[in-house]
Amino acid sequence: MLDKNGIAQRIAQEVEHGQYVNLGIGIPTLVANFIPEGIDVEFQSENGILGMGPFPFEGEEDADMINAGKQTVTLEKGAVLFDSATSFAMIRGQHVQLTILGAMEVSETGDIANWKIPGKMVKGMGGAMDLVASADNIIVAMMHTNRAGESKVLPKCSLPLTGVNCVKKVVTNMAVLDILPEGGFKLLERAPGVSVEEIVAATAGKLIVEGEIPEMNLG
Amino acid sequence: MAMNKLVSGVEEALEGVHDDMTFMLGGFGLCGIPENCIAELRKRGIKNLTCISNNAGVDDFGLGLLLQTRQIKKMISSYVGENDEFERQMLSGELEVDLIPQGSLAERCLAGGAGIPAFFTPAGYGTEVGEGKEVRMFNGKPHILEAALTADFAFVKAWKGDSSGNLVFKGTARNFNPPMAMAGKITVAEVEELVPLGELDPNFVHTPGIFVQRIFQGASFEKRIEQRTVRSKN
């Protein structure tokens, strides 16, 4: 079973050289720590940065330099700053090629829910609806089950949706899953030490298992 | 001869604000918020306000200050997760809340300032946000119709500005300030540094002064950091 860093490490393998990438809050933010040497990417933060760098050294934090999670950050060389309308032009206009974000639920048809639990938690969607409506490639990073042990990999989302038919791939603490265009989660890889049977048991949505399922190679 | 938008301070800048008005307030989290204008709005005690702002501040800063005093009737925002008082007022029904996708919020402000009454966007299609809105297919993909937003006053915060209303922002404090500056019937800019006319390089002005009606140098800026994240030098 992977921890949050393990999920981020596996997702980092999906990032391609030359891509502009938007990382959501939580596990997705950790992906930046695992981009292999030689893969050049620029991270977009939807509050107005292209070329976001790591956290600042202690004492060098700047109230005017934050990421979309409101954390203090730095800029890489060649970075650029812009307003929110320009930022979402980059996103909706599909100039940002890859979006990695967290989710509360994902459905076998690629629907995602991650912004609201009616009557309980209402934080808002932030930029997530614009991001999932537009990016060519959307990867979800999440735990396979919730705290109550219930599957988050579902036939249909029960929570209010963030987007429909948009998620292409899901990486959880247990597995790597492709969402097929015709619907269904295709099991691609198992997390170290996790059996196919355990993944079947933890997946409520339609799971397609074909042949031997390899274990993830985290290098 | 350049226009003169300079006012004596925050009190003169807010002349004409009253109950029941709609305001836009720039900022992302606590970054780039019009601190001086918010403080003055609280002091004036005007009520029943509709505030259009990406976030709602934290409990004791930013728009949280106007929530404490129950001056806000309705919030139009994209993300309000950092404010317990906000969540309490919303769940109890005291506060009306319209949550909209962040990109749609920015574009609705921009459209409001640019004379575009509405536009189609893919964001929110198939979700609660799209309910009741016109859907149209473009390039084989469904889009929903979103209307432009305008405000009686837009309050923005810039790094530098001149008496003509030209503005330059710093870092990520730019965020919603430029599109909102365009959409205010009266746009008030508070700046950290008021510079003499001619000092800003026209090549590097972010918001042209035509969008700004009143400008003043803020008396002070706290510039609070919401999430201080650092790494160690070792």
Just rank A:20, B:125, B:79, fewest to most, by other beta-carbon atoms within 10 angstrom.
A:20, B:125, B:79
For residue B:157, give me every one of the lysines with a C-alpha distance below 24 angstrom, ignoring sequence neighbours fewer than eight places off in its own chain.
A:70, B:5, B:43, B:47, B:73, B:74, B:170, B:185, B:223
What Kirkwood hydrodynamic radius do you get for the protein assembly as shown when you take the inverse of the mean 1/r over all pairs of distinct Cα atoms, in Å?
22.8 Å
Out of B:22, B:121, B:50, a Gaussian network model of chain B with alpha-carbon springs under 10 Å gives the largest mean-square fluctuation to B:121
Measuring from label point to label point, each 7 Å out along Cα→Cβ, what is the residue B:199 to residue A:76 span in nm?
3.5 nm
Take the eigenvalues of the Cα gyration tensor for chain B, scale each by 5, and report the square roots as semi-axes in whole Å, largest first.
28, 22, 19
Restricting to bridges with both residues inside the stretch A:79-185, how much of the DSSP beta-bridge set is antiparallel, in percent to the nearest 5?
50 percent
Mean separation of Cα contacts under 8 Å, 6 or more apart, over the residue count of chain A: relative contact order %
19 percent
Please identify every one of the trypsin sites (Lys or Arg not before Pro) in the stretch A:159-219 that sits in a loop by DSSP and has no more than 12 other beta carbons within 10 Å of its own beta carbon.
none
Paramagnetic reach from residue B:223 in the stretch B:177-199 [backbone N under 14 Å; point 7 Å along Cα→Cβ]:
B:191-194
Those GluC sites (Glu not before Pro) from the stretch A:78-173 that are DSSP loop and have at most 15 other Cβ neighbours within 10 Å turn out to be A:150
Between residue B:84 and residue B:15, what FRET efficiency comes out of the Förster formula 1/(1 + (r/R0)^6) with R0 = 30 Å and r the beta carbon distance, rounded to 0.05?
0.35
How about the stretch A:154-219: which GluC sites (Glu not before Pro) there lie in a loop by DSSP and see at most 14 other Cβ atoms within 10 Å?
A:182, A:210, A:212
Return the sequence-ordered ³J(HN,Hα) values of the stretch B:208-225 in whole Hz as given by the Karplus equation 6.51 cos²θ - 1.76 cosθ + 1.60 applied to θ = phi - 60°, using x for Gly and Pro.
x, x, 4, 8, 10, 9, 9, 9, 8, 8, x, 5, 7, 9, 7, 6, 5, 8
Provide the percentage of antiparallel DSSP beta bridges, counting only those with both residues in the stretch A:10-144; round to the nearest 5.
50 percent
Antiparallel DSSP bridges in chain B: what percent, to the nearest 5?
30 percent
Suppose each label sits 7 Å from its Cα in the direction of the beta carbon; what would the residue A:37-residue B:234 distance come out to in nanometres?
2.5 nm
Distance violations [Cα-Cα > 31 Å] among A:4/B:133; A:77/B:160; A:152/B:133; A:123/A:156; A:77/B:141:
A:4/B:133; A:77/B:141
Taking each pair of different alpha-carbon atoms in chain A once, compute 1/r for the pair, average those values, and report the inverse of that mean as the Kirkwood hydrodynamic radius in Å to one decimal.
17.8 Å
Can you give the calculated 222 nm mean residue ellipticity of the protein assembly as shown, where each DSSP H run of n ≥ 4 adds -39,500 (n - 2.57) and the sum is split over every residue, rounded to the nearest 500 deg cm²/dmol?
-5000 deg cm²/dmol
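Only the coordinates and a few stated rules stand behind these numbers; no lab work does. Remember, predicted model here, so these are calculated numbers, not experimental data. No Cβ is skipped: glycine too gets one built from the backbone with ideal geometry, and neighbour counts run over all protein chains shown.
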